[in-house]
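Please read the structure below before turning to the comments.
Read-outs throughout are calculated quantities, based only on the coordinates presented, and are distinct from any laboratory measurement. What you see is a predicted model, and the numbers here were worked out from it, not measured in a lab. Methodologically, a virtual Cβ is constructed for each residue, glycine included, from the backbone with ideal geometry; neighbour enumeration extends over all protein chains shown.
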Amino acid sequence: MAFEDLKQQHAAMWGAGPFERVAHTLHDMHELMIDSVEARPDDVWLDIGCGTGELAFLATRTGATIHGTDISLVMIETARRQAEERGHDLVFETADCEALPYDDATYDVVTSSVGVIFAPDHRQVASELARVLRPEGKLALTAWTTEGTVGEFFQLLGRYSPPPVAGAGVSIDWGQEAYCEALLGDAFELTFSHHDVPWVGESAEDLWNEMAEAFGPIVVLLRSLDDEQKAALREEMIELFGRLQTESGVVMPRPFLLVRGTRKAPQP
Ligand SMILES: C[S@@+](CC[C@H](N)C(=O)[O-])C[C@H]1O[C@@H](n2cnc3c(N)ncnc32)[C@H](O)[C@@H]1O
């Protein structure tokens with residue numbers, strides 16, 4: 001499959017559920033990223049793969065001018081609606097992070113919260129991140145890592161999913177420091193840190209039901225399965241989540257890598 005077709009599939013997939021019900025579970029990741037870029041009120045900031053706009057809304061407290069872009073029109077429409085409801089005057093527009101419609105060195109700050117990692121051409125993504133940031137500009141991006149139970153979760157989904165598209169980059173590769181260094185190290189001074197933003201449900205059933213209703217990739221996966229496969233996946237997930245039961249509910253760890261970068265001056 002051509003990458004352009006794959007990206008159109010991605011856009012439809014991410015828009016297949018009400019992602020605003022998931023985005024708030026990433027709140028602590030968004031806050032960490034906002035603090036990490038130390039933005040100033042006169043900064044111009046691009047949030048890429050902005051989804052329903054949660055990071056952008058929180059980032060307004062810095063006083064910076066914030067733009068959000070995402071490949072999914074459904075996400076952008078939801079972000080615009082939520083901005084209006086919450087009284088934020090922000091610009092949200094559709095764009096593919098492999099071909100950003102902005103001039104070189106336009107932005108002082110670029111963030112992407114588990115966003116650009118899903119585009120298939122990782123080298124092209126890295127090149128676009130470097131291109132739109134001005135020298136000394138700040139980058140923060142996050143990527144899932146796979147240690148512990150979340151690795152089992154990804155593997156379980158993988159067993160029920162179609163095979164990956166040949167040649168397409170794998171999102172969790174961005175969760176490795178050496179991989180990010182190889183892609184971004186020429187253009188950025190990088191630092192790395194590891195964190196967790198657990199997804200909490202009242203019970204194993206509740207957590208699975210929420211994913212099955214609100215998380216686009218799982219909504220689309222379920223549509224592709226017959227009833228027997230759907231029931232088997234549900235059973236395996238509930239068994240996995242059941243092992244994560246605590247006194248305060250089911251707590252699924254979601255470990256992630258925070259990549260912070262400062263744009264180096266381009267070489268003459
Ligand atoms: C897990 S969601 C994260 C959304 C948001 N950053 C947040 O933290 O709430 C991943 C987002 O990346 C977007 N995305 C995937 N591929 C993209 C691409 N090629 N260009 C721009 N956005 C993309 C999806 O549409 C989706 O909104």
Which one of the conditions (1) in contact with a helix residue (DSSP H, G or I) (Cβ under 8 Å, 6 or more places away or on another chain); (2) among the hydroxyl-bearing types (S, T, Y); (3) over 24 Å from H30 (Cβ atoms) does S224 fail to meet, given that it meets all the rest?
(1)
I need the full set of residues from segment 233-248 which are part of a helix (DSSP H, G or I) and touching a residue at least 60 places away in the same chain (Cβ under 8 Å), in order please.
L233, E236, M237, L240
Go through segment 66-118 and report how many residues are among the basic types (K, R) and touching a His at 6+ places or on another chain (Cβ under 9 Å).
0
Report yes if P120 is within 14 Å of the ligand (Cβ to nearest atom), in a loop (DSSP other than H, G, I, E, B), closer than 20 Å to D47 by Cβ and not aromatic (F, W, Y), otherwise no.
no
Among the numbered conditions (1) more than 7 Å from the ligand (Cβ to nearest atom); (2) in a helix (DSSP H, G or I); (3) of a type in the set (G, A, S), tell me where A99 comes up short.
(2)
Which of the following residues is within 16 Å of the ligand (Cβ to nearest atom) and on the phi > 0 side of the Ramachandran plot: V165, V125, V150, V114?
V114
Matching residues in segment 122-169 - criterion: being farther than 18 Å from T106 by Cβ and of a type in the set (D, E):
E147, E152
Hits in segment 153-194 - residues which are more than 27 Å from E236 (Cβ to Cβ), surrounded by 14 or more Cβ atoms within 10 Å (Cβ to Cβ) and either in contact with a Phe, Trp or Tyr (Cβ under 7 Å, 6 or more places away or on another chain) or among the acidic types (D, E) (or both)
E177, C180, E181
